[in-house]
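See structure below.
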Amino acid sequence: MKSSDGAGASGSANRRPWLRVLQVVALLLGIVSLVASSRLRLSGDLTDLFPKGPEAEALATFTRAFGGGDVGVILVRGDDPAEVTKAAQEASKALEGKSTVARVVVQMPEPKPLDPTLAWLHAGPLARAELAKALTDEGMKRRLEDTRSLLLAPAGADDVREIITKDPLRLSQIPWDGHAELAAGVVADAEGSFVADHGKARLVVLEPRGRVFDPKAAEAFVKEVEGELANTRKLHPGVRFDLTGGHAIAYATERMIRTDLYLSTTLSFVLSAVMFLVTFRRARALLAVLPPLMLGTVWTTAVAALVYPRLSSLSVAFTSVVVGVGVDTGVHVYGALLEARKKGESPKIAAEIARRVSARPTLTAAVVAALAFGALGISDIAALGQLGVLSAIGEVLTAIAILLFTPDVGAWLEKKEPKVLPPAAWIGWTSRLTKGKTRATMALCVLPILLVVLAVAGPPKAGAAVVALRPSALEPLRTSDAIYALFGGRANQWVLLTHDPDLNRAAAEMDAVAEALEPLAKDGTIDGFDAMTTFVPSRTTQEARLAARDALDLPSRAAALKKSLDLVGFDPEAFAPALESFAHPRHETYEIPVDAHGPLSMVLARHVQKYQGEYYVAAYVRPKPEAEKTERLREVLKGASSRVVVTGFAALEVSLKRTLMHDLPRVALLAALFVGIALGATLRSVKGVALALFALATEIAMVGLAMRVLHIGWHVYDALVLPVLLGITLDEVLFLLHAAEEQEVKDDSERAAGAGAAADTDDPGKSLTRDFVDAALAKQAPLSTATALTTAAGFGALVACRFEGLFDLGAVGAIGSVAGLVASLVVVPAGLRLFAKRPPPKKA
């Protein structure tokens, strides 16, 4: 046996020049990859986490189209209302004219006072009813009395006198009384300021320059604003300033992803090394395994930088996964090296033997794991597809790098003949768990017991997928939640979206929806809505509203107005401009000023954008949580327009659940197909294949129960990892079964060879020193434990990430790796003991 190994190694040695060439090329590629990796860019665009589907596609379109129109909001809070007011004013003044700030808004933007007869242009159905009421005799009398009280007030009369002479009924104010909202439920007070909590909280609204998804623009905006706020904070230590909005969220997300990438990668290397040391009990082996592992990871990172323009927040997990699973190859290669050295082979020959005997099984395991990861490529979620492809590439590249370098480095490290260490005590304990028919049967009963428990307790509870992709650790998102709490409303508003090449048609479609929503806001069906029609309606809507005004016959009401002025005590001659307006109502309409930079530019940017040659118009609804009110809202929206699409994170939740039901069977089927092919190609018996599948099924059942007990939510981002675990953890099962088959064959050979010598004895199996399952465990259990725990360490490193999607993915992956190890060390030995071939009974 030893001579054949030596001959094989000698033949391999003749090919060493080619090996050296490959190693040099690999190192050069590593240097090039380091340079290419510097081009890797991280994306703060959460749309990569959206699935395919009408709701998600609409939300992604909205996010990209309106990315540059999102406002920046500064929440100013303190205990002293006067100091909060002063601090907000100083912050506003400091930010005016900054290079990244187009405009600072501290009050609700309103057009300049209009001719009273044009008040209808901005009047929704409730406001039009109020306008009609104001033109009645009683309505005129009441409003004129209020006007007189306003003029007699000790302050402010001079400011409003000129306006009142043109509009004594104050018709121009009616469309704005309680009907205007700005940005997700932020409603101004009577003076137009954004104030809450009795003056202890104020908002400063900013119109940023540059688009949200331009990382440089987002970073420049946040840094400039925060720089100015730092100075204001020093002047007002009792006041807190918090920045939120699209730019702040995108910048914070990009930084979070970068931090998660560095932290999880470093932690995966550290944890994998620790697990390697604990289980492999050979510190110097790290010098042979980790550098090639780093090389393969660098290659993979270079591929990511070249293939993907930007890496999504979920895809950054590939480095941790590649490191954790990539160590597996190093464990088996170095284990083969030590095995050869223990048999007396020289370091050089042992390296060749290790490379030769481990290349096929380790590359097979790497390819199977890569194919399982590649199954994620068919997911409807782009980020999961990225993760799957990069992890698949990384598995193969790290295996190649380790096979190229680890045997030679190991040969240099293992110049002295290694000591033969006694098997760890835990291996004997593990073996005793399945010794005997009763214990083995009990071990195989674990799967049906788990299934019964899951049937009674129920499967893992569905988690909120939107929560998983909305990082709660981000300060801008926490600030946004604080604004909702202080100023009213709630998160996850609905986004209504329509589009058309003609801006007027698109805006008119949304105007009709807004008019249908207004009564719902009044009767409490919804919390409120935010639409452009109040500020800048479409020309079609303007014409319809002026037609409703003309139906009231304003010229005929001019005499009634003159009479009412006289009755209340006003001199009608002083209000000649108002009387003239009634006698000759104006009919001017205007186009939507999409390219304007005036007071309403921020409102326009929030509600209309041109994207891919069409105009997209958006409105925002804050629904009530009650199901019956939500259903009524949907019915009203359907009746108002068939072209307006309802989207938003609430709608995305439905789409994500639909994606899970769509993707999970496909990914599971594909992964199972790859696993089945691998099992059939590797194992020699149907019994072995059935036992492997039984072990994998036990693993998945254990993961399901652990998720239930640990309250880990079941959503699309972690559920799709389960099929992948089949390919990742398969090698522990395969290597143990392969070792058992080899030992069984060896035992059969020894039994046959010793049959003659044993003819005179009572025990035909006397030459066998121990059970073949024990022998297989002694050989493979340490290696399987090392590979499983390093894989768990790679996934476990993701638990340190602040992004909830990565946290859950890492938790499920780590649990699955440990569950796979338990299944391989308990279920597989139990099955082997129960169904193994027995030596023939002795003859009487």
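The values are calculated or read from the model by the stated rules, or taken from the named source; none is laboratory data. This structure is a prediction, so every number in the text was calculated from the model and none was measured. We place every Cβ from the backbone using ideal geometry, glycine too, and count neighbours over all the protein chains shown. These area figures cover heavy atoms from the full protein model, side chains too; ligands, DNA and RNA do not enter into them. Shrake-Rupley method; radii C 1.70, N 1.55, O 1.52, S 1.80 Å.
The table below gives the values:
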| item | result |
| --- | --- |
| Options VAL617, VAL608, VAL621: the member that is touching a helix residue (DSSP H, G or I) at 6+ places or on another chain (Cβ under 6 Å) and either within 24 Å of PHE50 (Cβ to Cβ) or basic (Lys, Arg) (or both) | VAL617 |
| Filter pass, ALA336 being on the phi < 0 side of the Ramachandran plot and open to solvent by less than 10 Å² (accessible area, probe 1.4 Å) | no |
| Cβ-Cβ under 7 Å pairs, at least 6 apart or on other chains, the stretch 433-452 side of a type in the set (Lys, Arg), far side part of a helix (DSSP H, G or I) | LYS437/LEU834 |
| Residue pairs meeting the criteria (Cβ under 8 Å; at least 6 apart or on separate chains; first buried (at least 21 other Cβ atoms within 10 Å of the Cβ), in the stretch 700-723; second of a type in the set (Phe, Trp, Tyr)) | MET707/TRP714 |
| Flag for ILE393 being among the aliphatic types (A, V, I, L, M) and touching an Asp or Glu at 6+ places or on another chain (Cβ under 9 Å) | no |
| Checking VAL73 against (1) modelled with pLDDT of 90 or more; (2) touching a Leu at 6+ places or on another chain (Cβ under 8 Å), the condition it does not meet | (1) |
| Only listed residue being open to solvent by 30 Å² or more (accessible area, probe 1.4 Å), at negative phi and assigned to a helix (DSSP H, G or I), chosen from ARG233, ARG282, ARG211 | ARG233 |
| First in the stretch 343-360 and modelled with pLDDT of 90 or more, second anywhere and open to solvent by less than 40 Å² (accessible area, probe 1.4 Å) and aromatic (Phe, Trp, Tyr), Cβ under 8 Å, 6 or more apart | ALA354/TYR334 |
| Checking VAL321 against (1) touching a helix residue (DSSP H, G or I) at 6+ places or on another chain (Cβ under 6 Å); (2) free of Cβ contacts under 8 Å to residues at least 12 places away in the same chain, the condition it does not meet | (2) |
| Search result, residues across the stretch 794-822 that are under 21 Å from ARG281 (Cβ atoms) and open to solvent by less than 10 Å² (accessible area, probe 1.4 Å) | GLY794, SER817 |
| When residues of the stretch 388-418 are limited to those that are among the hydrophobic types (A, V, I, L, M, F, W, C) and open to solvent by less than 10 Å² (accessible area, probe 1.4 Å), the one nearest to the chain's Cα centre (by Cα) | LEU390 |
| Restricting the stretch 671-693 to residues that are farther than 21 Å from LEU720 by Cα and among the β-branched types (Val, Ile, Thr), the residue that is surrounded by the most Cβ atoms within 10 Å (Cβ to Cβ) | THR682 |
| Condition check for THR434: assigned to a loop (DSSP other than H, G, I, E, B), open to solvent by less than 10 Å² (accessible area, probe 1.4 Å), of a type in the set (S, T, N, Q) and modelled with pLDDT of 85 or more | yes |
| Any hit, the stretch 249-257, residues being modelled with pLDDT of 90 or more, in a helix (DSSP H, G or I), hydrophobic (A, V, I, L, M, F, W, C) and within 30 Å of GLN609 (Cα to Cα) | no |
| Single residue of the stretch 584-625 satisfying the filter (among the acidic types (Asp, Glu) and open to solvent by 70 Å² or more (accessible area, probe 1.4 Å)) that is modelled with the lowest pLDDT | ASP595 |
| Residues of the stretch 522-537 that turn out to be in contact with a helix residue (DSSP H, G or I) (Cβ under 9 Å, 6 or more places away or on another chain) and outside any loop (DSSP other than H, G, I, E, B), as a count | 9 |
